[in-house]
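Below is one structure, written out as structure tokens; the observations come after it.
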Amino acid sequence: MNRRDFGQTLAATLLAPALSAPLAAQAKPYAAAAGPIRVLVGFPPGGATDVVARALIDRLGKQMDGQVFIVQNQSGAGGQIAAQLLKAAPPDGATIMLSIDHTQVIIPLTVAAAGYHPVNDFTALAGVAKYYNVLAVGSSTRIKTLPELGAWMKAHSSQANYGIPAAGSVPQFIGQIVGQSFGVAVNPVPYKGGAPMVQDLLAGQVPIGIASMTELIEHHRAGKVCILASSGTERSRIAPEIPTFAELGFKRLEKNPWLAFFGPKGLPPEFVTQFDQAMQAVLAQPDLQERLAKMGNEVAAAPAKEVQQWVIDASQHWGQVIRETGFKPL
């Protein structure tokens with residue numbers, strides 16, 4: 001497929017949804033799968049995705065008649081390695097993955113040989129939450145608003161560097177859109193994950209950082225960084241003082257990132273239904289909602305078909321943005 005047309009043509013794959021194959025032609029259903037269910041997480045222990053996975057698995061087990069879930073951290077390449085493992089796993093319900101939009105959407109758009117197709121190679125299972133990408137500045141800059149940042153960029157164009165968790169990630173494109181809006185050529189500084197980028201932002205090694213709110217909100221509350229704007233069409237309920245890019249006049253930054261479960265292509269419909277029902281029950285628990293909210297996540301329970309649409313919509317949106325920025329696949 002021509003990569004320039006990837007985001008525009010992805011919707012056509014809906015004509016052959018992963019759940020359409022008859023049960024008899026697929027692997028044995030969940031009830032027959034032996035042993036614990038392995039939950040792949042494409043990031044290190046203690047990271048934002050890992051913490052959410054571990055907050056969910058015990059509750060999921062209780063909802064699924066005592067089923068045991070085990071988190072397996074398979075970090076590397078922004079979740080790409082874990083996604084490739086998931087693609088290769090047997091479709092028997094023994095291996096699933098808690099993934100983010102970067103892994104499922106952005107990598108296939110920005111990596112020349114991702115090794116998987118975001119829709120054709122997986123079964124969407126259930127949506128978990130949506131969160132926010134945010135732009136923050138270090139306290140030493142004394143910048144408090146996005147217009148102030150624009151003025152600073154123009155006065156310090158040679159220093160207009162911004163840290164991002166990974167090359168070719170959504171934060172990179174957010175930075176380019178912001179820089180273009182201010183008429184300043186800004187330079188992304190890629191890191192191997194959000195944690196080291198945040199540490200350099202706190203230390204003043206980089207003046208600007210763009211990452212998930214989850215990674216920056218506590219430092220914002222402590223006054224160590226100042227979050228200037230967030231993605232989304234509405235302000236975060238846990239940080240209503242932070243304006244959205246949209247309300248500040250920046251376009252194409254309305255899409256929020258998300259967390260969702262996926263399995264290999266061809267999972268039995270019985271497993272998909274059972275897992276979705278269990279996840280809906282877990283996400284309805286107020287104490288879990290509060291726990292996720294403190295981490296910067298807003299519960300977004302969604303069934304398989306809706307999650308598949310999340311993938312398609314995000315691919316179309318970011319595919320266009322990526323083409324417009326002139327980004328070349330890695």
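The values are calculated or read from the model by the stated rules, or taken from the named source; none is laboratory data. Just so you know, these numbers come straight off a predicted model, no measurement behind them. Every residue, glycine as well, gets a Cβ built from its backbone with ideal geometry; the counts of neighbours run over all protein chains shown. For accessibility, only protein heavy atoms count, side chains too; no ligands or nucleic acids. Shrake-Rupley method; radii C 1.70, N 1.55, O 1.52, S 1.80 Å.
In the range 266-285, of all residues being over 23 Å from the mean Cα position of the chain (by Cα) and surrounded by fewer than 19 Cβ atoms within 10 Å (Cβ to Cβ), the one that is nearest to Val119 (Cα to Cα) corresponds to Gly266. From the list Val134, Val184, pick out the single residue that is assigned to a strand (DSSP E or B) and either small (Gly, Ala, Ser) or open to solvent by less than 50 Å² (accessible area, probe 1.4 Å) (or both). Exactly one residue qualifies, and that residue is Val134.
Taking the listed residues Ile57, Ile70, the one that is without any contact (Cβ under 8 Å) to a residue 24 or more places away in the chain and among the aliphatic types (A, V, I, L, M) is Ile57, with no other qualifying. Against the definition (within 24 Å of Phe43 (Cβ to Cβ), surrounded by 20 or more Cβ atoms within 10 Å (Cβ to Cβ) and of a type in the set (Val, Ile, Thr)), how does Val307 come out, yes or no? Yes.
Would you check which residues across the range 271-304 are charged (D, E, K, R), over 20 Å from Gly47 (Cβ atoms) and either assigned to a strand (DSSP E or B) or free of Cβ contacts under 8 Å to residues at least 40 places away in the same chain (or both) and list them?
Across the range 271-304, the qualifying residues are Asp287, Glu290.
Scanning the range 177-218 for residues that are modelled with pLDDT of 95 or more and among the charged types (D, E, K, R) gives a single hit, Asp200. Checked against (1) part of a loop (DSSP other than H, G, I, E, B); (2) surrounded by 21 or more Cβ atoms within 10 Å (Cβ to Cβ), Pro240 passes all but condition (2).
Among the residues making up the range 42-86, those that are closer than 17 Å to Tyr116 by Cβ and in a helix (DSSP H, G or I) are Ala77, Gly78, Gly79, Gln80, Ile81, Ala82, Ala83, Gln84, Leu85, Leu86. Filtering the range 90-118 to residues that are in a loop (DSSP other than H, G, I, E, B) and surrounded by fewer than 24 Cβ atoms within 10 Å (Cβ to Cβ) leaves Pro90, Pro91, Asp92, Ala94, Val111, Ala112, Ala113, Ala114, Gly115, Tyr116, His117.
Residue check: Phe245 meets all listed conditions (1) closer than 30 Å to Val178 by Cα; (2) out of contact with any Leu (no Cβ under 6 Å at 6 or more places or on another chain) but one, namely (2).
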